[in-house]
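Every number here is computed from the coordinates shown, using simple stated rules; none is lab data. Since the structure is predicted, the reported quantities are computational estimates derived from the model, not experimental observations. A quick note on method: Cβ atoms are made from the backbone with ideal geometry, for glycine too, and the neighbour counts reach across all protein chains shown.
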Amino acid sequence: MADSYYDPADLRKFGNITEWSEELGTKFFDYYGKVFEEGALSAREKSLIALAVAHVVKCPYCIDAYTKDGLQKGITKEEMMEAVHAGAAIESGATLVHGVQMMNKYNKLSM
Amino acid sequence: MATKSLKARHNALVTDNKQLEILEGGIFENGELPFFKDKIAQIGQFPLRPKKLEILQINVGYMCNQVCEHCHVDAGPDRKEIMTRETMEQCLEVIRNTGAHTLDLTGGAPEMNPNFRWFVEEAAKAGIKDFIVRSNLTIIRANKKYYDLPQFFKKHNIHVISSMPHYTRGKTDKQRGEGVFDKSIKALQELNAVGYGMPDSSLRLDLVYNPSGAFLPGDQVAMERDFKKALIEDFEIQFHNLFAITNLPIARFLDYLIASGNYEDYMYSLVDAYNPSAVANVMCTNTISVSWDGWLYDCDFNQMLGLKVASKIKHIKDYNEEVLTDRNIIVSQHCFGCTAGAGSSCQGSVT
């Protein structure tokens, strides 16, 4: 057993999840592949979205994968960092917008 | 950034040719990753055999004005291997009689060979359909004696193919050296000014993109779109096609992969991206590579690994196209670089 929860080498084995549930694994990877094809959004735009989400869900595998994917697509480090900030801004906004709930409750309970 | 070639630094990778040992050993020898010959055997392509010869690629010398970090030739100002006029005469004899439709001059910086212009003038008389010179762009701005190269190329209807790692200054200079980006932009503008790369021009100007690091090139069509948009908006530069080329683990790129701890991951990436449909069109099936001293190779990469063709004809002075075509191509694990994704060759993707 590995002595830590995340091993970079495990990313290469991602495809192996299909071995224990072929139907679901295959459906997932087909879907995943299709999502990132060129569509109404370019593959480049989708890669930046994936990078931002990778940070928000704090997935180290995804961060490695989409930093490399971004490099492969010619995305610059400035673009990558802005995408991370976009994700972070939404994440902190999601926290802060709950402040309205706090304010509502506070006001309701206060005389 | 290094200013000397691996050879000048007495690096064991090139002086003792440790490269093949590395490519045949480690993760391939222990069975973690498959050997290239076994992968192509699965689709009935081993031994790999040439088709009709289409491209004669001649390396006129390893001397270069740049010392790019990824260079598989290990070229640089300190390299003294330069094709002599005598070997050029032997090449001309072959050029006049070959069935190949493309002549492809490479280096180093081919323009630094003192007999370069004479060789181009003579070769142009042979009436080859597509006559390519791989120019690194900065050479055009390196010294006054090269300033008229755009005019010289135009006069002989040369198809210019140039390296341009990125459309931003930072990435270009990191891979190729300080100031390379600005000089390349100026050189491209000068080529445009004499008609190269313009939309309806017959003066062909193509760019080569190869990744500046341990990752594979993206989709060639998408990269071309991004390059065209950025270069025209920022610098009013036009060009015809972009060729996305995969870096092969040879010489300085191999040295970089090992030193940066990326070698194994990179080889995994190449093997993962193996595309069986690229195998039939890899460039060694339609190309012969000639070294500065006249030896013959399946490709420029095998040349740098010292793997001469497996044929009784091994030198340009004994050249015989028919005999040469009847040979097995020598493969090793670096070949995964040419079959990754959409495939890769000196003419870009192959599928």
note = Unit-weight point scatterers at every alpha-carbon of the range B:174-293, Debye formula, q = 0.09, 0.16, 0.19, 0.22 1/Å: log10 I(q)/I(0) is -0.35, -1.03, -1.22, -1.29
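What length, rounded to one decimal in nm, is gained on full extension from A:Thr76 through to A:Lys13, with 0.36 nm per residue of separation minus their alpha-carbon distance? List each step's numbers first, then the result.
On the way: separation 63, 0.36 × 63 = 22.68 nm, distance 2.79 nm.
Difference between extended and current length: 19.9 nm.
For B:Ile250, B:Ile132, what's the fewest-to-most ordering of other Cβ within 10 Å of each Cβ? Spell out each step's value before the answer.
Details: B:Ile250 27, B:Ile132 21.
Listed from fewest to most nearby Cβ atoms, that is B:Ile132, B:Ile250.
Considering just Cα atoms, how many Å³ per residue does the convex hull of chain B enclose? Each step should come with its number before you reach the end.
Numbers: hull volume 43.9 nm³, N = 351.
Expressed per residue, the convex hull around the Cα atoms of chain B is 125 Å³.
Treat the count of other C-beta atoms within 10 Å as a stand-in for reagent exposure and order B:Val60, B:Val221, B:Val208 from fewest to most.
B:Val221, B:Val208, B:Val60
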remark   = dims of the range A:13-111, Cα set, principal axes, largest to smallest, nearest Å -> 61, 37, 27
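Can you pull the Kirkwood radius for the range B:4-52, inverse mean 1/r over Cα pairs, to one decimal in Å?
Working: mean 1/r = 0.0759 Å⁻¹.
It is 13.2 Å.
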Mean separation of Cα contacts under 8 Å (6+ apart) over length of chain B, as relative contact order % = 22 percent
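Counting other C-beta atoms within 10 Å, and keeping those with at most 11, which DSSP coil trypsin sites (Lys or Arg not before Pro) do you find in the range B:7-95? Don't skip to the answer; put the middle values down first.
Values: sites: B:Lys7, B:Arg9, B:Lys18, B:Lys37, B:Lys39, B:Lys51, B:Lys52, B:Arg79, B:Lys80, B:Arg85; in loops: B:Lys7, B:Arg9, B:Lys18, B:Lys51, B:Lys52, B:Arg79, B:Lys80.
Within the range B:7-95, the qualifying trypsin sites (Lys or Arg not before Pro) (loop, at most 11 other Cβ atoms within 10 Å) are B:Lys51, B:Lys52, B:Lys80.
Which whole DSSP H helices in chain A pass both tests: a Cα extent of 15 Å or more along the axis and a mean Kyte-Doolittle value no lower than 0.5?
Numbers: long enough: A:22-35 (19 Å, -0.63); A:43-56 (20 Å, 0.84); A:60-72 (18 Å, -0.55); A:77-96 (28 Å, 0.10); A:98-109 (17 Å, -0.95).
Flagged H segments are A:43-56.
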key: Proxy reagent accessibility, fewest Cβ within 10 Å first, across B:Ser291, B:Ser344   = B:Ser291, B:Ser344
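If we count GluC sites (Glu not before Pro) as exposed when they sit in a DSSP loop and have at most 14 other beta carbons within 10 Å, what is the longest stretch of chain B that avoids them all? If you can, show how the numbers build up before the last one.
Numbers: sites that count: B:Glu32, B:Glu178, B:Glu236.
Answer from the scan: B:33-177.
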ask   = PRE reach from B:Asn275 (point 7 Å along Cα→Cβ): which of the range B:326-351 fall under 12 Å by backbone N?
value = B:338-345, B:348-351
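In peptide A:65-72, what is the residue-averaged number of other protein chain Cβ atoms found within 10 Å of each Cβ? Please list the in-between numbers first.
Values: counts 0, 0, 1, 6, 3, 2, 9, 11.
Counting Cβ atoms of other protein chains within 10 Å of each residue's Cβ and averaging gives 4.
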key: Phi-based couplings in Hz for the range B:145-158 (Karplus 6.51, -1.76, 1.60; Gly and Pro marked x)   = 5, 9, 4, 8, 4, x, 5, 4, 4, 5, 4, 9, 6, 6
remark   = Ordered by number, the trypsin sites (Lys or Arg not before Pro) in the range B:251-335 that occupy a DSSP loop and have at most 16 other Cβ atoms within 10 Å are B:Lys312, B:Lys314
query = In nm, to one decimal, how far is the modelled label at A:Trp20 from the one at B:Asp326, with both set 7 Å along Cα→Cβ?
reply = 5.8 nm
key: Span per principal axis, largest first, for the Cα atoms of the protein assembly as shown (Å)   = 100, 51, 41
